[in-house]
Structure formats: structure tokens, C-alpha cells
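A.B. asks: Quick one: the structure is below, questions incoming.
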Amino acid sequence: MKILICLSNVPDTTTKIRLTADQQAVDVAGVQWIINPWDELALSRAIELKEKNPAVVEKITVIHVGSKESEPTIRKAFAMGADDGIRINAVAKDAYFVAGEIAEVIKSQAYDIILCGIESSDTNGCAMGTMLAEFLDLPSVSSVSSLDVEGGNISLNREVDGGYEKIQTSLPFVAIVQKGIALEPKIATVRGIMAARTKPLQVFEPAGIDALTEVAAYELPEAKAKCKMIDAENIGQLIDLLHNEAKVI
Amino acid sequence: MSVLVYIENWDGKFKKLSFELISYAQGIARQMNTSVVALSIGNVAEEELKKAGNYGASKVIAVNDSRLHQLVNQAYAAVISRVAEKEEATVLVFAHNITGKAVAPRVSVRLKAGLVSGAVALPSSTEPFVVKKNIYTGKALAAVTIKSPVKIITLAQNSYGLAENPADARIENFTPELTDHDFATSVIESNKQTGKILLTDAEIVVSGGLGMKGPEFWAPIEELAGLLGGATACSRPVADQGWRPHYEHVGQTGKIIAPNVYFAFGISGAIQHLGGVSSSKIIVAVNKDKDAPIFESANYGVVGDVATVLPELINLIKEYKAQ
């Protein structure tokens, strides 16, 4: 079984977001780039599955759409345990573009399971993985919170309002994964970091898919009013404020 | 030309969310001088379908196929795309929830229609079509232009209110042609709690962090949520330590919520946590550390020990309710 994980690289989630002076871009000077947290969990789960079921999972490949500057993200995935990687040499424009470009490259390659994080922490689009499934005409299972491949049998749960459902699917398929898929991100070992340098990374030029959306301008949210402090000895005032001022209880 | 809105039902009933979506679709229809068609998939009685008219839908298309009583992404996308073509929809509206995220991107590819997910307002203009959404989990906003002839929007929860606009909705049944290929996935087992208010639906959310000291101290959180008719939630370390189930985790990598009031007890307010709750209308924070970052985002703050403030608050709420 071959597993493909789609990776996005995003600013560290603790980054304070600033805009450029013309508000046409997010200022990424000095930003620390990381693997998108959901993609990192997807990759971590794939590596766990391979370690637990070496006879079932043959290979883990990662794919990323980005310029050469984002290659450290792919090498980080190698250090964690991915076997090889693909980079599509283009700057991501929108989810439709990324999904279309990935579909062009992988449609001739036989992956059994394609894993995508449910969203990326920068654009919060929640769209790329499902779009990829549609481009490839494959089934997709969304909001996946657990995945197993023991004995070559796929077992997966998806989250629904107030609980979860066990889902059966034909192969190959795309799983859109969320929190819970892996408990902790896999930590790269020194051996992994050494091995990462020589793992194969293929680079493809983009096929020229048209983006359907573009950002016209960015803005920062309005600053919040200062917090009203209430004395711990006078909690009645809090109820009064919630009732009479905020009108929420 | 029309604005097509997909309205989800839960056991045959629509929720406030469904009516907010119709209200939003009606807002767009007014901007574009056209009408709203609502699409329902599932087993919904005519009387319930008619309610779509209260918010401005002039037509409701009802698809009732037993194979669609469970969410099957491909089949739903096929049905919705077909109805969109039939109704010559130029804008499609979905909720930015589990179903919307699972289906709208497929419809986007099928119709080659640009998608803006998690929109927070009506389009600021329709020619060009520009709509605003949160990015970086609310740390910034982007005004996004959709360039394709057909546009798709998923609307962020609680970002648009209800707007009544009575119209006599005509109900039309529609039977789509579907093939086995559309049903490659199926539900083999369902585990859902019933009777509890869902976190993402709740108007009031009561949440605890590590400052609660341990799972054995959670009873007052549940009691306060019960008193206020709200849901309970927790911070990420609380879920990671197994004090509370993962589905209660709110924050950047957990659930993103936008209730009327969010109570944060013993939560310091890491930036990732705030990302999940910053769209709440009112945030109330109780923390013993006066420098906790949560106070920078809160509307009302109390510096104090949750072990004494929370029971006091419960007693006073009981008195207030009794009045």
C-alpha cells in the first residue's frame, strides 16, 4: 500500500500577523515556517501505520506545491520518516490551483491512500483535499479522526455532529484528516535528519491550472475594547454586566 | 439566474443555521436582483420545507432519496451540481460546517466555480464579486475576488443573523439520477450522542483549562453550562491529558466556535486557543494570573481562583434565574 500526504508550509502558529504597507500581502519577513499542523498529524499517522504494519504500508510519499525556498519543509517530512517527495515548482495561488496541479502530477501514479489535513492554518480554506478527490474522481472521506490499515483492511472514523461514524470506502481514496488522527506529531530523530538529506525529491513544473480566486486586499481585525475587570469579591457585577450591558444572559 | 442555498436538516428539522444561510442567500439575491432557491436533501416534511419561505426562499427543491440519508460526499456533490445547473445558479451558498467542507469543494471543481470558504459578511461588491473571510484563524481578514462565472461561498458560523423576509415558497420534488460510482463510501456504524447541546451550535459555552486543576473538578463547569443552557468545552492541554474528550477541545487545531458568550475558567489564553474562540461575541475570563494573555482578548475579566469564583457565580446565576 502506498500513502501520499499533501503538505502545506505555513507560518508558525504563534506568529503575530503583520501586513505589508500597501495591505496587498501578509508580511512574512522573519517568519518561521512549519509543516501545516494538520498535515503534520496526517504524516505522523502514516509513519505510525508503516511502523506498525511494515508488510502493509510499502512507502510514504509527500507532495508540496511551492518554490525552492519551501524545500526545508519537505526535508523536515523526510526527517520525520517520509520515504520520498515531490515538489511542484509554483507558488500556491488558491485551493483550486493547488488541487489541480497535484492531480495533474499524481493521476498517473498509483497511491492507495491520499491524506490531506482538513485545513491549512494560514488560509483556513478547508477545501484542497476534497477538491483533489474531485479532480481525480476518487471517493473522499472528510473530518477523519482515526485511520487504521491492520491486515490491509481500512478502518476509518469520521467526525459528525455529536459523535462519529465508521466509514467503508473503496480504494484508492482521499482522507481529509483532523485533530485526533495522531496524538502527537512525530519527532525527527538524529538518524532521520541525516537520512533526510539523501532521500529522493522529484521536482515538476506546473501544468498551468487557472486559479479561480485571488485576494484583493488584506486587513487586520479591529482592536478589541479593553477588558473590564471585575473584583473577585463582587461577582454580582459580572452578572449585571452580562445581563444589562452585553445583553447575553 | 438564482442564488442556490443548500439547507441541511437534522432528523428532518432545520436549525437556526439553515435559516441564517437562507437569510444570507437572500441578502446576496437582493444585491444581484435575483431570487433564492433552497435545496434540501433528506426526509423533510412539507411543513418544515415551507419554513424556508419565511427567510426569503421563493422555491424549495426537495430531494428525498433513502441512499442520501447519510452524507456521501460524491453523491451530494452530484445532486447539488445538477440542481445548480438546472436552476442556472450563479451563486451557491453552504454552511462552513462538516457537510459544507465535505461537499462545497467538490461542487467547486465540478462547476469550475471559485470557492471562498468561511465568509464572514455579504459580498462587498458583486461586480467584481468580492467577499471577506477570516485567515490565520481570525488574526487577519482577506477580501477575496471570485473570478469564475459561478461563485461558491461557505458561510462562517454565527457571522450573519436571521432576517425574516416572507415569501410563499413553492416546493418542488426532484429525483436525481445517481450511479453506484457516486456511492463509493458508506456508513457502517454510527455513534452519536443525542440530547446534548452541540458545541458548535451553542449560544453559551463554558470552558475550562489547566487552571481547573484536574478532571475531578469539572462538575461546576457542567453545572454552569446546564444552568445557562450551554455546552462545555476545554483547552488543548486539558484534552491532551485526557481530562476531557477531544471533541470538546476548542482552539486553532480543535473546534472553532463563535457563541454569544464564551466563559474561560483557568485558561491562560495561548494564541492558538484564542484562534478558536476570538469570534465569540463576549468573552468572560477568570484566571488567578492577572497577566494571563486571555485578559487581552476578554470583554470581562476576574482575577481570582476558579475554585472560589465559579461556585459563587453558580449561586448568583441561580438567584438571578429565580427572579
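The values are calculated or read from the model by the stated rules, or taken from the named source; none is laboratory data. Every value quoted in this text rests on a predicted model; they were computed, and no experiment measured them. Cβ coordinates were reconstructed from backbone atoms using ideal geometry, including for glycine residues, and neighbour counts include every protein chain displayed.
A.B. asks: In the list B:141, B:198, which residue meets the criterion of being under 30 Å from residue B:284 (Cα atoms) and not assigned by TED's automatic domain parsing to the domain that holds residue B:82?
C.D. replies: B:198
A.B. asks: Are any residues in region B:15-48 over 26 Å from residue B:132 (Cα atoms) and under 20 Å from the mean Cα position of the chain (by Cα), and if so, which ones?
C.D. replies: B:40, B:41, B:42
A.B. asks: For the subset of region A:16-45 comprising residues that are β-branched (Val, Ile, Thr) and over 17 Å from the mean Cα position of the chain (by Cα), which member is nearest to the other protein chains (Cβ to nearest Cβ)?
C.D. replies: A:17
A.B. asks: Can you find a residue that is among the polar types (S, T, N, Q), at pLDDT 95 or above and in the same structural domain as residue B:8 (by TED's automatic domain parsing) anywhere in region B:115-123?
C.D. replies: Scanning region B:115-123 turns up at least one residue that is among the polar types (S, T, N, Q), at pLDDT 95 or above and in the same structural domain as residue B:8 (by TED's automatic domain parsing).
A.B. asks: Checking the condition within 11 Å of another protein chain (Cβ to nearest Cβ), surrounded by fewer than 18 Cβ atoms within 10 Å (Cβ to Cβ) and under 23 Å from the mean Cα position of the chain (by Cα), which residue from A:175, A:211, A:217 passes?
C.D. replies: Of the residues listed, the single one that is within 11 Å of another protein chain (Cβ to nearest Cβ), surrounded by fewer than 18 Cβ atoms within 10 Å (Cβ to Cβ) and under 23 Å from the mean Cα position of the chain (by Cα) is A:211.
A.B. asks: Tell me, please, whether a residue that is modelled with pLDDT under 95 and surrounded by fewer than 17 Cβ atoms within 10 Å (Cβ to Cβ) can be found in region B:203-216.
C.D. replies: Among the residues of region B:203-216, not one is modelled with pLDDT under 95 and surrounded by fewer than 17 Cβ atoms within 10 Å (Cβ to Cβ), which makes the answer no.
A.B. asks: Is region B:73-95 home to any residue that is within 14 Å of chain A (Cβ to nearest Cβ), assigned to a loop (DSSP other than H, G, I, E, B) and buried (at least 22 other Cβ atoms within 10 Å of the Cβ)?
C.D. replies: no
A.B. asks: Let me ask another. Within the group B:257, B:221, B:197, which residue is in contact with a helix residue (DSSP H, G or I) (Cβ under 9 Å, 6 or more places away or on another chain) and either among the hydroxyl-bearing types (Ser, Thr, Tyr) or at pLDDT 95 or above (or both)?
C.D. replies: Result of the check over B:257, B:221, B:197: B:221.
A.B. asks: Evaluate the following for residue B:21: is it part of a helix (DSSP H, G or I), at pLDDT 95 or above, buried (at least 24 other Cβ atoms within 10 Å of the Cβ) and assigned by TED's automatic domain parsing to the domain that holds residue B:96?
C.D. replies: Yes.
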